[in-house]
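First comes the structure, then the notes that go with it.
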Amino acid sequence: MSAYRASACLLTLVALGAFAPAALGRDPAPGAPGTKHTWAPADKHGFGTAVAPRSNVWFTLRWAELTEAYYPDLGTPSLHSLEFVVTDGTFVDRETGPGVRSRVKSMGALTFRQTTRTSRWVLEKTWIADPSRPTVLGKVRLTSLTGKPLRVYALVDPAPGDDGNDDLGTSLPSELSAHDDTVASSVAARPALSQTTSGYAGGASDPWTDLKDDGDLDAQYDATAPGNVVQAARTPLTGRRGHRTMVLAIGFGADRATASRRAAASLAQRFDRPLARYALGWVAYLAKLRQPPQSVRNDPALRKLHRQSLLVLAASEDTQNRGASVASPTMPWTWGTLTIEKTETSGPYHLVWPRDLYHVATAQEVAGDGAAARRLLDFLWRVQKPDGSFWQNTEVDGREHWTTEQLDETALPIVLAWWLHRRGAADWTHVRAAADYLVANGPESDQERWENQSGWSPNTIGAEIAGLICAADIARRNGDTIRAQKYQTTADDFQKNVQAWTATTNGPYSPDPYYLRITKDGNPNDGSTYDVGDNHTPLEDERRIVDQSFLGLVLFGAKRADDAVIRNSLAVGDRILKADTANGPVWHRFTFDGYGETATGGDWDLFPTKANQTMGRAWPLLTGERGEYTLLAGGRADRYLRTMARTANDGLMLPEQVWDGRPPTGQPGAASGEGTRSATPLAWTHGQFVRLAWSISRGVPVERPCIVARRYKTGGC
């Protein structure tokens with residue numbers, strides 16, 4: 001029997017349960033439940049999944065390691081991490097440890113090659129998802145640079161079912177099995193693993209505690225009590241001829257037998273076969289889309305990022321709940337340490353926001369994936385509340401998560417429906433309910449788009465104006481002229497008064513009027529104060545808090561680009577919010593923003609005592625918005641597109657925030673204009689990049705609702 005067939009038979013026996021845990025004689029691991037589980041940092045360098053819905057698994061990569069894998073849907077992370085340890089007995093190198101260099105390279109079609117190296121060895125890992133089943137597959141190649149044989153161990157931190165504190169781990173002869181009451185994972189390889197063990201994080205049974213002493217697994221355990229399970233196994237890799245490559249599989253299922261069977265089935269084929277089907281699936285998807293704009297096609301860097309952005313947007317839609325497009329497959333900062341919501345499960349960003357979904361859907365539609373855009377709108381209609389409004393965000397299955405009211409998220413689905421030409425009777429039912437809610441409850445909102453302040457927001461009001469004018473058109477098409485008139489009258493009132501409600505004439509930044517982030521009572525001149533939040537210490541006069549969100553008034557068609565107050569507000573914002581990074585101009589969200597890392601690079605959190613510990617960094621998506629405005633103002637926006645492109649990391653993932661020149665810039669990993677540990681990839685940023693590319697080609701913002709611009713004679717259509 002060939003070695004290949006023998007390995008396949010062994011894996012089949014494992015999948016059928018031929019090796020019962022009791023037969024191995026493993027001792028129960030000491031130290032349960034171990035240290036508290038957390039999730040990995042959010043700055044991912046790779047994000048992949050297969051096109052086929054039956055492969056309902058998603059993976060992310062960060063620097064040297066495979067990080068979260070999601071199963072059975074994109075709202076359920078079920079693996080924390082997988083990395084390797086390389087040793088010859090005299091040294092013990094962990095891939096995420098000191099002295100190891102790493103790089104992630106996008107190979108196209110959501111395939112990634114991850115390389116780690118020292119002066120003694122090189123590990124190359126190619127990651128995909130098996131298109132036929134929920135298995136993550138990696139082809140691993142080891143090169144010994146010294147000529148000496150090496151030992152390589154896989155370190156696995158499972159977290160099945162989105163809870164890493166209640167898991168059990170079983171160490172089979174050539175397989176690592178973990179499970180809780182909802183999900184199981186199985187890690188196996190071809191050629192087979194050996195010396196398997198399952199212990200608890202941070203304790204005596206933690207495999208890394210064992211390995212780092214002498215480069216060997218001296219004890220093998222089963223994790224028989226619930227806890228934060230960590231596992232390890234020796235791989236067949238030595239770096240010598242015949243032992244340089246292996247294929248690793250991480251299978252998932254509702255139970256151990258299913259997960260094991262899927263891992264075995266994925267390994268019972270040559271890696272090149274699922275690799276080809278995986279890549280061809282995404283190539284076929286791209287082939288159905290429009291050719292990118294000429295300026296993008298002519299620039300290799302822009303062309304690659306445009307293609308990658310469309311793949312990221314497509315991969316961000318949950319295949320088990322069609323239309324549910326998540327904000328990001330990540331858990332930034334304290335969301336990863338689970339300290340805010342006080343639950344055992346992960347928090348944002350793998351939730352669905354109507355606002356983020358709007359930006360994704362408009363990008364997909366203009367790029368040629370109208371079917372996806374329509375699915376996203378259908379999802380919004382499914383989760384719409386009976387009163388016509390929408391939750392702040394939902395799980396991928398439609399259950400509410402955060403429930404605060406944000407009226408731009410009630411307005412934007414209306415704009416999206418009009419923009420997608422969804423204006424018939426079925427859509428009108430949803431539009432009517434949303435527009436009626438805006439009339440009854442606007443313009444003041446419990447929260448604006450940055451989600452932590454109530455009041456009168458120029459951006460929210462701009463979205464409401466657009467939503468109501470679009471709703472009026474849809475109402476007329478469906479024979480309801482009374483509602484059409486009511487919507488128009490309300491929108492006209494908002495458009496007439498938004499400046500008086502939100503632009504100060506006596507603020508400290510300019511003798512001329514400028515827009516504020518929000519006003520608490522619709523009076524921008526009375527000096528109302530509020531708590532900015534995010535660790536900022538004093539109450540601040542609202543006249544000192546500005547952002548660039550007022551540009552929504554222009555982009556949604558309610559104000560002209562050359563309006564004097566708009567132009568003065570831009571000048572104020574550029575002085576206070578603009579960061580001239582090494583990659584180009586990027587803007588902060590608002591004055592005193594604290595949603596970002598500390599000055600030493602530590603995580604954002606809601607600290608018990610406010611002391612301005614954290615600093616909100618600069619957001620590339622705001623550079624994209626500035627580019628869209630510049631087009632309406634008659635300028636060129638190419639430099640803004642290139643700035644956005646330069647913020648992408650080596651895996652072509654676009655971040656939520658970039659370092660802005662304030663500490664800890666200068667330290668490793670904190671270069672000006674490069675991504676922070678914020679959500680990466682952020683679907684909103686990728687959508688904004690795609691839209692700006694197409695907007696430059698057409699000379700105007702492609703998502704602009706022209707019916708609004710025509711009513712208020714603001715041009716740009």
Original post:
Where Rh denotes the Kirkwood radius from the mean inverse Cα pair distance, what is Rg over Rh for the stretch 600-715?
Top reply: 1.08
**OP:** Using DSSP to define loop residues, name the trypsin sites (Lys or Arg not before Pro) in the stretch 614-669 whose beta-carbon has at most 16 other beta-carbon atoms within 10 Å.
**Re:** ARG636
Original post:
Please state the relative contact order of the chain as a whole percent: Cα pairs under 8 Å, 6+ residues apart?
Top reply: 12
Original post:
Rounded to the nearest 20 Debye, what is the dipole magnitude of the stretch 180-324 about its Cα centre when Lys and Arg each give +1 and Asp and Glu each give -1 at the C-beta?
Top reply: 1380
Original post:
Using θ = phi - 60° and the Karplus form 6.51 cos²θ - 1.76 cosθ + 1.60, what ³J(HN,Hα) does each residue of the stretch 512-523 get, whole Hz, x for Gly and Pro?
Top reply: 9, x, 8, 6, 9, 4, 8, 10, 7, 9, x, 10
Subject >> the chain: calculated mean residue ellipticity at 222 nm from DSSP helix runs of at least 4, using -39500 (n - 2.57) >> reply: -10500 deg cm²/dmol
Original post:
Over the stretch 204-356, one equal point on each Cα, no solvent: what is log10 I(q)/I(0) by the Debye formula at q = 0.11, 0.14, 0.21 Å⁻¹?
Top reply: -0.82, -1.20, -1.33
**OP:** Return the Rg/Rh value of the stretch 214-294, two decimal places, where both radii are evaluated on C-alpha atoms and Rh is the Kirkwood radius.
**Re:** 1.13
Original post:
How large is ³J(HN,Hα) for each residue in the stretch 651-656, as worked out from phi by the Karplus curve 6.51 cos²θ - 1.76 cosθ + 1.60 (θ = phi - 60°), to whole Hz, x for Gly and Pro?
Top reply: x, 6, 9, 8, x, 6
**OP:** Please go through the stretch 33-109 and write out the chymotrypsin sites (Phe, Trp or Tyr not before Pro) that DSSP classes as loop and that have at most 14 other C-beta atoms within 10 Å.
**Re:** PHE91
Original post:
What does the convex hull of the Cα atoms come to per residue for the stretch 525-679, in Å³?
Top reply: 117
Original post:
Can you give the accessible area of LYS212, probe radius 1.4 Å, in Å² rounded to 10?
Top reply: 110
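Within the stretch 622-717, which chymotrypsin sites (Phe, Trp or Tyr not before Pro) sit in a loop by DSSP and count at most 10 neighbouring Cβ atoms inside 10 Å?
Within the stretch 622-717, no chymotrypsin sites (Phe, Trp or Tyr not before Pro) qualify (loop, at most 10 other Cβ atoms within 10 Å).
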Original post:
Of LYS520/LYS559; LYS44/LYS139; LYS105/LYS288; LYS44/LYS578; LYS212/LYS342, which sit over 28 Å apart, Cα to Cα?
Top reply: LYS212/LYS342
Subject >> With Cα atoms, 0 to 90° folded angle of helix 408-419 axis to the chain main axis >> reply: 80
Subject >> Descending semi-axes in whole angstrom, ellipsoid equivalent of the chain, from the Cα gyration tensor >> reply: 48, 26, 23
Subject >> Debye log10 I(q)/I(0) at q = 0.15, 0.18 Å⁻¹ for the stretch 70-181, Cα point scatterers >> reply: -0.81, -1.08
Subject >> Heavy-atom accessible area order for CYS706, CYS717, largest first, 1.4 Å probe >> reply: CYS717, CYS706
Original post:
Which values, in whole Å and largest first, are the semi-axes of the equivalent ellipsoid of the stretch 301-356 obtained as the square root of 5 times each eigenvalue of the Cα gyration tensor?
Top reply: 26, 15, 9
Original post:
Could you give the angle, 0 to 90 degrees to the nearest 10, between helix 354-367's Cα long axis and the longest principal axis of the Cα atoms of the chain?
Top reply: 90
**OP:** With a/c under 1.5 counting as rounded, go ahead and sort the stretch 328-463 into rounded, prolate or oblate using the C-alpha gyration tensor (a ≥ b ≥ c being the square roots of the eigenvalues; past the cut-off, prolate if a/b is larger than b/c, else oblate).
**Re:** oblate
Original post:
Where does each of SER119, SER174 land when they are ordered by accessible area, with a 1.4 Å probe and the largest first?
Top reply: SER119, SER174
**OP:** Have a look at LEU412, ALA276, PRO72 and report the one farthest towards the positive end of the charge dipole of the chain, computed about the Cα centre with Cβ charges (Lys/Arg +1, Asp/Glu -1).
**Re:** ALA276
Original post:
Can you give the charge dipole size of the chain about its Cα centre, rounded to the nearest 20 debye, using +1 on the beta carbon of Lys and Arg and -1 on the beta carbon of Asp and Glu?
Top reply: 3480
Subject >> the stretch 239-315: relative contact order as a whole-number percent, Cα under 8 Å and 6+ apart >> reply: 16
**OP:** Find the relative contact order for the stretch 17-135 and round it to a whole percent, using C-alpha pairs within less than 8 Å whose residues are 6+ positions apart.
**Re:** 22
Original post:
How much net charge surrounds HIS536 when only other residues with a Cβ under 12 Å from its Cβ are counted (Lys, Arg +1; Asp, Glu -1)?
Top reply: -2
Subject >> Inter-part distance where the stretch 610-674 and the stretch 249-305 are each reduced to a Cα centre, Å >> reply: 29
Subject >> Cα centre as origin, Lys/Arg/Asp/Glu Cβ charges: the stretch 568-700 dipole, Debye >> reply: 380
**OP:** For the chain, find the longest principal axis of its Cα atoms and tell me its angle to the long axis of helix 564-577, 0 to 90°, nearest 10.
**Re:** 30
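The values are calculated or read from the model by the stated rules, or taken from the named source; none is laboratory data. Fair warning: this is a prediction, and the values are worked out from it, not measured in the lab. Please note: Cβ atoms are built from the backbone with ideal geometry, for glycine as well, and neighbour counts cover all protein chains shown. Note: areas computed on protein heavy atoms with side chains; ligands, DNA, RNA excluded. Shrake-Rupley method; radii C 1.70, N 1.55, O 1.52, S 1.80 Å.
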